[in-house]
1. Based on DSSP H runs of at least 4 residues, each adding -39500 (n - 2.57), what is the mean residue ellipticity at 222 nm of the chain after dividing by all its residues, to the nearest 500 deg cm²/dmol?
2. Which three numbers, in whole Å and largest first, are the semi-axes of the equivalent ellipsoid of the chain derived from its Cα gyration tensor as √(5λ)?
3. Collect residues whose amide H, placed 1.01 Å from N in the peptide plane, falls under 5 Å from the amide H of Q89; neighbours closer than 5 in sequence don't count.
4. Which FRET efficiency value, to the nearest 0.05, do you get for Q57 and H151 by plugging their Cβ-Cβ distance into 1/(1 + (r/R0)^6) with R0 = 30 Å?
5. Which whole-number percent gives the relative contact order of the chain, counting Cα pairs below 8 Å spaced six or more residues apart?
6. Please list 3J(HN,Hα) in residue order for the stretch 62-69, calculated via the Karplus relation 6.51 cos²θ - 1.76 cosθ + 1.60 where θ = phi - 60°; whole Hz, with x for glycine and proline.
7. Ranked by accessible surface with a 1.4 Å probe, highest first, in what order do T45, T100, T90, T8 come?
8. When the solvent-accessible surface of protein heavy atoms is calculated with a 1.4 angstrom probe, in what order do S21, S40 fall, highest first?
Amino acid sequence: MSRTLCFTCQRPQKACICAFSVEIKNNIHVVVLQHPSEVSQTKGTITLLAKSLQFCQVIVGESFDDEAYFLKVMEQYQAVLLYPGEKAQTLTQNLVVQLTKLDQNAEKSRVNAKFKPLCLVILDGTWKKAYRMFMLSQTLQQLPQICLPEHLANAGKYHIRKVAKKNALSSLEASCYALALLEAASDFDDISADQAGKYQPLLNKFQAFNQFQLSFRP
Ligand SMILES: [Zn+2]
């Protein structure tokens, strides 16, 4: 079988995902912390996300307290962790206003180190792996945690992989919804599972992408 790789997405040409990517200029920077065991997963969900978002970085690892690049990001940004932990606050309009106020102040006063632009940190791995990454990293535990409101958390259309818990979205879906909410202004209440603003085209493509992946199954 031919092992020719696509120049752009580095995947076998038969499984090239380039046709599913959408160019989106996200305002809020995204950092994906990817568990090493996810890298070999051939689905390419995170590749699709990273390829579509203009500002998205993927760091592979399990424990991040000594990860130089990650720590640098933590210095530069005001990071929030998308993680449904005990301390997670549901993304409401009030919370978004609070978070983005800091973000706007950052724009105004770049010299003032107290104000930093927002950055969304997500963990890519199974629930068990994500929990492990969280427990292994003090730095992650200290970040403010946010989670999606119920109507979005249950909106998952992802059916490639067995999901351990009911409201388990794929990392791509969760990121899109969180970004749509964080970047929403007066239209916060209009964000729904099928109306995720500029992220909706990627969510639509993601559905097609899932169908494409399923076509490889016997
Ligand atoms: Zn490709």
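1. Working: 9 runs with 83 residues, N = 218.
Per the formula, -11000 deg cm²/dmol.
2. Working: eigenvalues 154, 79, 62 Å².
Computed over the chain, the values are 28, 20, 18 Å.
3. Close amide H contacts, sequence-distant or interchain: Q145, I146, C147.
4. Working: r = 29 Å, r/R0 = 0.97.
Once the sixth-power term is evaluated, E becomes 0.55.
5. Numbers: 316 pairs, mean separation 51.0, N = 218.
In percent, rounded to a whole number, it is 23.
6. 10, 10, 10, 5, 10, 7, 4, 5
7. Working: T45 10, T100 30, T90 65, T8 95 Å².
Ranked list, largest accessible area first: T8, T90, T100, T45.
8. Values: S21 30, S40 90 Å².
Reading off the accessible areas and sorting them downward yields S40, S21.
The values are calculated or read from the model by the stated rules, or taken from the named source; none is laboratory data. Computed from a predicted model, the values in this text were never measured in an experiment. Because the Cβ atoms are built from the backbone with ideal geometry, glycine has one as well, and the counts that use them run over all protein chains shown. All accessible areas refer to the heavy atoms of the entire protein, side chains included, with ligands and DNA or RNA removed. Shrake-Rupley method; radii C 1.70, N 1.55, O 1.52, S 1.80 Å.
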